[in-house]
Amino acid sequence: MASEIRLAFAHPSERAIATAGDAPRDRISLRDHIVEVEIGAFQAERGTKQRIQFNVVVEVAPFTGALDDDVDRILSYDRVTEAIAFELAAERLNLLETLAERVAERILLEPQALRAFVRIEKLDRGPGALGVEIVRARADVAAHLNALAEETASERPRPRVVYLSNDAIDHPDLGQWIDALLARRAPVVLCCGLPPEAPLDTGHRMTQRRVDLLAIEQNAWRLASRDARCKVVATRTELDWGMRNGQTCVWAPSKIVLDSTDGPMGAVRDSAALTTWFAAEMEASDLLFIGATLPDLQDTAGRAVAPGQPLFPQGDQG
């Protein structure tokens, strides 16, 4: 009995261990994550914020291949905090139970997640912490997850992908263009091509592809040096986080291109075509070429703008 009582108040990680089955599982955890929010059913809790604390443990299937220190192959901690932030922002709730349920379900949308332990406590409602704890497994909420997955897909950020020629990168109006892009609602991902200096010629198709991708990434870092708001990112996880958090991303293409099972056709040094492929992969809301000729865009809507021309038609707020 004493052991059961201790486990009842133990951190969810201990509860996860105590209730584990025979199949081995890995766990990630979020401890003592405190957020100020308006929540509660009582009149005294309306119109005022209070501190609530989250402790979350997620059981995931052990990764069987080589991790290669690759953030895209694991369940990122950011997904847990983003699930919490999303549900807190969705609407004002009366019950911690409702919040815990929604957070658990959103975490279980992640393909690696098998079981979620969510403990939420109010820290300002008395001398101690008042809270709830729930455990949900993917199998328990499978039917609801299907509907939630469809809803979440429609909420995924759709960026404005912007290709900058070398002339555009070096143009004195670069900062003003970024200002104009950030003033719009859509998140921004900047792309570039090969640098002004020709990359090494290897004389071999596959090695040349690698060299050209690395050269484009060098140019991405050159772009980032021109404006401190620009952050070079290489993984889909980083891109998703950046888009949700208002970061101006500059795409470093090597990882996403080389990992893709349906990569861009042709030589990657055709950077306008590479950008078009990337925009389709990201389901971009818009594709804008600054200082470059418009390529064959297939199904992606796009337009080209010369330096000195306005980026957006007058009255465009999108």
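Per-residue Karplus couplings for the stretch 85-93, computed as 6.51 cos²θ - 1.76 cosθ + 1.60 with θ equal to phi - 60°, are listed in order as 4, 4, 5, 5, 7, 5, 6, 6, 10 Hz, Gly and Pro entered as x. What is the calculated FRET efficiency for residue 176 to residue 74, with r their C-beta to C-beta distance and R₀ = 45 Å, to the nearest 0.05? According to the calculation, E is roughly 0.70. If we count every other residue with Cβ under 15 angstrom of residue 38's Cβ, Lys/Arg +1 and Asp/Glu -1, where does the sum land? Counting the neighbours of residue 38, the net charge comes to +1. So what's the net charge close to residue 140: Lys and Arg +1, Asp and Glu -1, counting the other residues with Cβ under 12 Å from its Cβ? That sum, taken over residues with Cβ under 12 Å, equals +1.
Positive-end ranking of 256, 274, 225 along the dipole of the stretch 160-305, with charges on Cβ about the Cα centre, is headed by 225. Between amide H atoms placed 1.01 Å from N, distances below 5 Å from residue 304 occur with 289, all of them 5 or more places distant or on a separate chain. Working note: Karplus 6.51/-1.76/1.60 with θ = phi - 60° gives the stretch 253-260 the couplings x, 3, 5, 5, 5, 6, 7, 6 Hz, where Gly and Pro are set to x.
FYI, it's all coordinate maths here, none of it is from the lab. As the structure is a computational prediction, the values presented were derived from the model and not from experiment. All Cβ positions, even for glycine, are placed from backbone atoms using ideal geometry, and neighbour counts span all protein chains on display.
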